[in-house]
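Rule-based calculations on the coordinates, nothing more; no lab input. Please read these numbers as outputs of a predicted model, since none were measured by experiment. A quick note on method: Cβ atoms are made from the backbone with ideal geometry, for glycine too, and the neighbour counts reach across all protein chains shown.
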Amino acid sequence: MMNEIQRAKIINRTLNKIYPNIVVPLNSRNVFTLLISVLLSAQCTDVNVNNMTKDIYPKYFKPKHFVKLGRKKIEKLIKRIGIFRVKAKSIYNLSKILIEKYNGKVPKTFQELEKLPGVGHKTASVVMSQGFGFPAFPVDTHIHRLAQRWGLTNGKNVIQTEKDLKKLFPIKFWNKLHLQIIFYGREYCKARECYGISCKICKACYPDRKKPLITKKA
Ligand code: SF4
């Protein structure tokens, strides 16, 4: 039986073959709009967020634009997606703080980002990685699920999964890899299905497997 270091190598190699070029899934026009898109994408698909923001960002793309709009108008702009009231409040408050404390710029540290309203560790990691190119490993539900199915972690929570993945994969691959794993999860390793013996990755990592994994509720 292979150990997790061997599996990690196979996974990295396979993902590079399937997804040689990585395109960041959320559209944005600067780091600030990336931050807003990540925030909007909570419990919502990237496609829906992109569809909505394509009408917003041409006009509103700086913190001062959203402060000027005010909460109610932000709500109207984003009301097509889930939990829009909470998100509108975060966007408004966050924009205000960016102007007051950071000269209208998005801060470049985890610590400062995570203090902003509506911004947790995962959102901060996406912005650090995709916005600033800083090595980070944002763990979302897809990555959490796949890391467990691939035997890379037995972490019960995303914090443990992030730690384990960071240990297994060289730092220079993190930014690419987190997106490749998300893409693979969406395409081949879905929450409610497991193709067991037909998937490239599990065929290579678990050659003796006879049946699909029984998937617990994601
Ligand atoms: S065999 Fe199942 S667990 Fe493995 S990659 Fe495919 S869907 Fe995921």
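The single condition from (1) touching a Lys or Arg at 6+ places or on another chain (Cβ under 9 Å); (2) farther than 20 Å from residue 129 by Cα that residue 98 fails is (2). Hey, does the stretch 49-62 have a residue that's part of a loop (DSSP other than H, G, I, E, B) and at positive phi? Within the stretch 49-62 (the criterion being part of a loop (DSSP other than H, G, I, E, B) and at positive phi), the answer is no, since none of the residues qualifies.
Among the residues of the stretch 119-148, those identified as closer than 14 Å to residue 182 by Cβ and of a type outside the set (A, V, I, L, M) are 122, 125, 129, 130, 137, 138, 140, 141, 142, 144, 145. Pairs linking a residue in the stretch 120-132 that is over 8 Å from residue 35 (Cα atoms) to a residue that is surrounded by fewer than 23 Cβ atoms within 10 Å (Cβ to Cβ) and basic (Lys, Arg), with Cβ atoms under 8 Å and 6 or more positions apart or on different chains, are 128/108; 132/108. Under the condition of being more than 16 Å from residue 106 (Cα to Cα) and assigned to a helix (DSSP H, G or I), the residues counted in the stretch 19-48 number 4.
Take the residues in the stretch 142-190 that are among the small types (Gly, Ala, Ser) and over 16 Å from the mean Cα position of the chain (by Cα); name whichever of them is nearest to the ligand (Cβ to nearest atom). By that ranking, first place goes to 151.
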